[in-house]
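The values are calculated or read from the model by the stated rules, or taken from the named source; none is laboratory data. Just so it is clear, the model here is predicted, and its values are computed rather than measured. All Cβ positions, even for glycine, are placed from backbone atoms using ideal geometry, and neighbour counts span all protein chains on display. These accessible areas exclude ligands, DNA and RNA; they are computed on the full protein's heavy atoms, side chains included. Shrake-Rupley method; radii C 1.70, N 1.55, O 1.52, S 1.80 Å.
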Amino acid sequence: MHARHLRARLKGWGGVGAMAAACALALVFALALTCTGSVASQPAGARTTQALTTAGTARAADDCEAPEKQTLAPSRADGPTIAAIKARPGEKRKLIVGVDQNSYRWGYRDPNGGESGRLEGFDIDLVHRIAEDILGDPDAVQFKAIPTDQRIPAIQDGRVDLVVRTMTINCPRLQDVAFSAPYFRTGQQVLAPKSSPVEGYDETLAHRKVCTAKGSTAHAKLEEDRRSGDLPASTDISTTVPNQLDCLVRLQLGEVDAVVNDGALAASQAAQDPTVELKGEAFTTEYYGVAMKKDADDLVRRVNQILVDFRQDTATGWEASYTKWLSATMDDDPSASRPPTPEYLRRS
């Protein structure tokens, strides 16, 4: 992808002051949403099952080479997790989902208006599709805005049923949560000012300060590559922030020289600010998945079936959502024009 092809621009978000204000509003919404309730705790038997499952999966994750294939085959059947969601009384009968609210075109509140601050974006479309399938109502959702480093704790603590938040499937995370089949392919890229001498993920990052989101795969990759010598030792990777958008603000303020992020998110950030661009090609291959509790096998299978239907629905499914939200910033990446082909574990 090249920044000169990033055609979408978010009006009013280019300046530092507006972006800072947007982040402040995002914090207010996050606090409001997070305080609206939590998922009921599981019985002791379920917790014991989860502990045993986690131990076994931890051993498997140590050797996993294709984490995007470590998921269960699709099924439309209900099970204990789905039954508990459906059994919630009255107005509480909703799917509780952890999302982002400041990732442009993925999960965000349009600062220029929109439908009463309604969350929208590619991830949000998928959430509505899951809620419609499980509860019969696409709006039967309680959104909880969670920062990047709280995605896994929110699942483990039972604050959410699942997380749909540009979350990369990887081996370490498989020790803590279960993932659906992948619904999007991306890779890590460098974002920097157009005038910057930084050319990509290479020696031009020497003596530069790089920002990443805390708990992100980007930060883990930078730490690994600096230890191995694949990243210049003088690269300062100490700046981490709760959410990816905060890195763009730091870049606009001149506090850092570059940002490393998923290319899909970086492209949307470049669309928000025409003074920055993607530098170089993606240097990893990663897949986004829906994250759930490790013992929620019935929910994992159901979400995988929903993803099958979402891919096959040419009218209102994956392609329609991609065209609406992402094609303007992602059309230069051939791998993004089609959803990944899923593969599943060979156990019943």
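For segment 106-122, the criterion of a residue being crowded, with 24+ Cβ neighbours inside 10 Å and aliphatic (A, V, I, L, M) is satisfied by no position.
Does V160 satisfy the criteria of being in contact with a helix residue (DSSP H, G or I) (Cβ under 9 Å, 6 or more places away or on another chain), assigned to a loop (DSSP other than H, G, I, E, B) and open to solvent by less than 10 Å² (accessible area, probe 1.4 Å)? Taking the combined requirement at face value, the residue satisfies it.
Tell me, please, whether a residue that is free of Cβ contacts under 8 Å to residues at least 24 places away in the same chain, of a type in the set (G, A, S), open to solvent by 10 Å² or more (accessible area, probe 1.4 Å) and farther than 26 Å from P172 by Cα can be found in segment 246-265. Looking through segment 246-265, at least one residue is free of Cβ contacts under 8 Å to residues at least 24 places away in the same chain, of a type in the set (G, A, S), open to solvent by 10 Å² or more (accessible area, probe 1.4 Å) and farther than 26 Å from P172 by Cα.
Mind listing just one residue for me: the one in segment 219-242 that is part of a loop (DSSP other than H, G, I, E, B) and of a type in the set (A, V, I, L, M, F, W, C) and, of those, surrounded by the fewest Cβ atoms within 10 Å (Cβ to Cβ)? So that I can check it myself, show each step before the final result.
Keep residues of segment 219-242 that are part of a loop (DSSP other than H, G, I, E, B), which gives 229-235, 242.
Narrowing the set further to residues that are of a type in the set (A, V, I, L, M, F, W, C) leaves 231, 233.
Values: L231: 22, A233: 8.
In this case the residue turns out to be A233.
Residues of segment 163-177 that are assigned to a loop (DSSP other than H, G, I, E, B), within 14 Å of V290 (Cβ to Cβ) and among the charged types (D, E, K, R): R165 alone. Annotation note: Cβ proximity below 7 Å between a residue of segment 305-320 that is under 16 Å from E132 (Cα atoms) and a residue that is hydroxyl-bearing (S, T, Y) and surrounded by 14 or more Cβ atoms within 10 Å (Cβ to Cβ) (sequence gap 6+ or interchain) occurs for Q305/S75; L307/S180; L307/Y183.
Does segment 211-218 contain any residue that is open to solvent by 50 Å² or more (accessible area, probe 1.4 Å), in a helix (DSSP H, G or I) and either at pLDDT 95 or above or farther than 20 Å from V276 by Cα (or both)? No.
Note on segment 144-157: residues that are over 16 Å from V127 (Cβ atoms), part of a loop (DSSP other than H, G, I, E, B) and open to solvent by less than 30 Å² (accessible area, probe 1.4 Å) total 0.
Just for segment 284-321: of the residues that are of a type in the set (S, T, Y) and open to solvent by 10 Å² or more (accessible area, probe 1.4 Å), which one is farthest from R151 (Cα to Cα)? Of everything passing the filter in segment 284-321, T314 is farthest from R151 (Cα to Cα).
Within segment 178-210, track down each residue that is among the polar types (S, T, N, Q) and open to solvent by less than 20 Å² (accessible area, probe 1.4 Å).
Taking segment 178-210 first, the residues among the polar types (S, T, N, Q) are 180, 186, 188-189, 195-196, 204.
Matches in segment 178-210: S180, T186, Q188, Q189.
Would you confirm, using the coordinates I've provided, whether L245 is assigned to a helix (DSSP H, G or I) and either modelled with pLDDT of 95 or more or over 13 Å from the mean Cα position of the chain (by Cα) (or both)?
no
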